[in-house]
1. Normalised by the residues of segment 1-61, what does the relative contact order come to in percent, with Cα pairs under 8 Å and at least six apart?
2. Tilt of helix 34-43 relative to the longest C-alpha principal axis of the chain, in degrees (0 to 90, nearest 10)?
3. Treating only the Cβ atoms of Lys and Arg (+1) and Asp and Glu (-1) as charged, compute the dipole magnitude of the chain about its Cα centre; round to the nearest 20 debye.
4. Arranged from highest to lowest average of other beta-carbon atoms within 10 Å per residue, in what order do the peptides 67-77, 7-17 appear?
5. Aspartates and glutamates within cross-link reach of Lys76: Cα-Cα under 15 Å, excluding same-chain residues under 8 positions apart?
6. Determine the gain in length on full extension of the stretch Thr6-Glu34; use 0.36 nm per residue of separation and subtract their C-alpha separation, reporting nm with one decimal.
7. Could you list, in their original order, any pairs among Lys4/Lys32; Lys10/Lys79; Lys10/Lys32; Lys4/Lys79 whose Cα atoms are separated by more than 32 Å?
8. Determine the distance separating the Cα centre of segment 51-90 from the Cα centre of segment 1-39; give it in Å without decimals.
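Every read-out reported here was derived from the displayed coordinates using simple, explicitly stated rules and does not represent laboratory data. Worth saying up front: this structure is predicted, and the values here are computed from it rather than measured. A quick note on method: Cβ atoms are made from the backbone with ideal geometry, for glycine too, and the neighbour counts reach across all protein chains shown.
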Amino acid sequence: MMKKMTIDDKLGLDIYNTDEHESHIDVDLECKDEAEIMKLVLACPAECYKYVDGQFSFSHLGCLECGTCRVLSHDKIVKSWNHPMGTIGVSFRQG
Ligand code: SF4
């Protein structure tokens, strides 16, 4: 019988062809609104947003291009969001 895959198992199969230098999401890291920051930290399934000891950080590496942060932030923290160009970005392998 096939073992049930966890989310981490499934994400591990995805292929990331990431542009390490150019982020497809422009984030206002100077934002001091903790409530807005925490929305993104909690909602991002790939944990791209981090808020540790009052320090807000973002990494586009591992982004699943789900668009959740763009919708939630109403242009407050996420200033622009574009799909990565051409073959850049995530390729899903499972579900
Ligand atoms: S698009 Fe989705 S996975 Fe990518 S940073 Fe935003 S919430 Fe996270």
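1. Values: 32 pairs, mean separation 16.9, N = 61.
About 28 percent, as a whole number.
2. It is inclined by approximately 10 degrees.
3. Working: 10 positive and 16 negative charges, 101 e Å.
Roughly 480 debye for the chain.
4. 67-77, 7-17
5. Output for Lys76: Asp26, Asp28, Glu30, Asp33, Glu34, Glu36.
6. Working: separation 28, 0.36 × 28 = 10.08 nm, distance 3.08 nm.
Going from the current span to full extension adds 7.0 nm.
7. Working: Lys4/Lys32 41 Å; Lys10/Lys79 30 Å; Lys10/Lys32 34 Å; Lys4/Lys79 38 Å.
Result: Lys4/Lys32; Lys10/Lys32; Lys4/Lys79 exceed 32 Å.
8. Rounded to whole Å, the Cα centres lie 8 Å apart.
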